[in-house]
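Computed from the coordinates by the stated procedures, all read-outs in this text should not be read as laboratory data. Worth saying up front: this structure is predicted, and the values here are computed from it rather than measured. So basically every Cβ, Gly included, is an ideal-geometry build from the backbone, and we count neighbours across all protein chains shown.
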Amino acid sequence: MPRPALRSRSLRKILKKIPGGAYVVHYTNRKPSAPKCANCKRPLKGVAKREQSRLKRVASSFRKPSRPYGGNLCSACMRNKIKKTKLKG
């Protein structure tokens, strides 16, 4: 039986084979999903796929692109939004 902190269903269970031939269960944190575009819900390119705690430690240029709406919209949706605002103004 694992210790109480590892009895959570939010943790990922991985079967590992030990030298004796038996299998044991190792518990690890789940990997985060890729950040998605707020408009079309496609995965964003150029954005790190990490947990918030690890994302704080990397350089800001690695966290998100330096273009307008970087880290929020994909490049195609960003272009469409800029075109629409230029037509209105």
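Can you give the calculated 222 nm mean residue ellipticity of the chain, where each DSSP H run of n ≥ 4 adds -39,500 (n - 2.57) and the sum is split over every residue, rounded to the nearest 500 deg cm²/dmol? Numbers along the way, then the final one.
Details: 3 runs with 22 residues, N = 89.
Helix contribution divided over all residues of the chain: -6500 deg cm²/dmol.
Search the structure for amide H atoms under 5 Å from the amide H of LYS36, placed 1.01 Å from N in the peptide plane, and list their residues when 5 or more places away or on another chain.
Amide H neighbours of LYS36: LEU44.
So for region 35-77, Kirkwood radius off the Cα pairs, Stokes-Einstein at 25 °C and 0.890 mPa s: how many µm² s⁻¹?
231
Cα centroid distance between region 53-69 and region 22-50, in Å?
A separation of 16 Å, based on Cα centres.
Please give the peptides 46-53, 7-14 ranked by average Cβ packing (other Cβ atoms within 10 Å per residue), highest first, as a rough proxy for protection.
Numbers: 46-53: 13.4, 7-14: 9.9.
Final packing ranking: 46-53, 7-14.
Which log10 I(q)/I(0) values does the chain give at q = 0.13, 0.14 Å⁻¹ under the Debye formula, counting every alpha carbon as one identical point scatterer?
One equal scatterer on each Cα of the chain leads to -0.65, -0.70.
Would you work out which of ILE14, PRO32, CYS77 lies farthest towards the positive end of the dipole of the chain, given +1 charges on the beta-carbon of Lys and Arg and -1 on that of Asp and Glu, about the Cα centre?
Sorting the options by dipole projection puts first CYS77.
Where does helix 75-88 land angle-wise versus the long Cα axis of the chain, in degrees 0 to 90, nearest 10?
30
Calculate one ³J(HN,Hα) per residue across region 19-27 by plugging θ = phi - 60° into the Karplus curve 6.51 cos²θ - 1.76 cosθ + 1.60, and present them in order as whole Hz with x for glycine and proline.
3J(HN,Hα) across region 19-27, in whole Hz: x, x, x, 7, 9, 10, 9, 9, 10.
If each residue of separation counts as 0.36 nm, what is the full-extension length gain between LYS49 and ILE14 once their alpha-carbon separation is subtracted? Present the calculation step by step, with values, prior to reporting the outcome.
On the way: separation 35, 0.36 × 35 = 12.60 nm, distance 2.09 nm.
Roughly 10.5 nm would be gained on extension.
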